[in-house]
1. Let me check I've understood the local charge: for residue 161, count other residues with C-beta under 14 angstrom from its C-beta, Lys and Arg +1, Asp and Glu -1. What total comes out?
2. Taking the Cα-to-Cβ direction at residue 26 and at residue 59 and moving 7 Å from each Cα, how far apart do the two end points lie in nm?
3. Can you list residues whose amide H is under 5 Å from residue 107's amide H, if they're 5+ apart or on another chain and H is modeled 1.01 Å from N?
4. Gap in Å between the Cα centre of segment 130-182 and the Cα centre of segment 74-118?
5. Let me know the volume per residue of the alpha-carbon convex hull for segment 1-94, in Å³.
6. Just the C-alpha atoms of segment 88-173: what Rg/Rh do they give, with Rh taken as the Kirkwood radius?
7. Using a Cα-Cα cut-off of under 13 Å, which aspartates and glutamates could be cross-linked to residue 82, ignoring same-chain neighbours fewer than 8 residues away?
8. Using the beta-carbon distance between residue 75 and residue 193 and R0 = 22 Å, what value does 1/(1 + (r/R0)^6) give for FRET efficiency, to the nearest 0.05?
Amino acid sequence: MQLITVAGPPSSGKTSVLIKTLEAIAADGVRAGVVKFDCLVTDDDTVYRAAGIAVQKGLSGVLCPDHYFVSNIDRVLEWSVKRHLAMTVIESAGLCNRCSPHLKGSLAVCILDNVSGLHTPKKIGPMLKLADVVVITKGDIVSQAEREVFAYRVQGVAPRARIIQVNGRTGQGAHALARLFVEAPELQEALDHLRLRFPMPAALCSYCLGETRVGPDYQIGQFRKLSID
């Protein structure tokens, strides 16, 4: 089975890009599905089903979506086998820009949009820096010069990544991404041998455990205090 991780900021066009890409893959006879991880609510599963794509969603609730993802990777593989999928794409929320859902030995994709701002690439952590492929969307609503400058900024952060421009509405560029998906390596390791490309953000403090009171007296666990000049 091929396992592909896709991450990116909210509203960057991840679902639209994946639908166009997986439609192109399905036309070649490859059975692919998506596991959508989000935080509080998502209707993307209905959009995938309407496109004829097998989908399973997971809502993390009070947990970090990527911590929720990595603690459920066994369930993802179980669902994929049950559905007889040759390819499973994990769409992760990437809410804090520090998230790092990519796995060693699997194709890692980060999706950004041209209108997010020229300084956005340097604000994003491992989900961009360690990606194999960076998909840039919404190029149809900015100028050619803006597209080139944004792509240059992205390449500066992720110099080894391949950059592809994809239009999530028309599907332009999705076939190029589909080829990379089809050529992605298959899982070579058993579940207990899979490794993240980068550690998850630290998440162990009193507020993680439900504390609502504010002040140093109620803070235990991992904290970092602001340095005041």
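The numbers here are math on the coordinates, done by the rules we state, and not lab data. Quick caveat: nothing in here was measured; it's all calculated off a predicted structure. All Cβ positions, even for glycine, are placed from backbone atoms using ideal geometry, and neighbour counts span all protein chains on display.
1. +4
2. 2.5 nm
3. For residue 107, the qualifying residues are 3, 5.
4. Comparing the Cα centres of segment 74-118 and segment 130-182, I get a distance of 16 Å.
5. With only Cα atoms used, segment 1-94 gives 83 Å³ per residue.
6. 0.94
7. 74
8. Once rounded, the FRET efficiency stands at 0.80.
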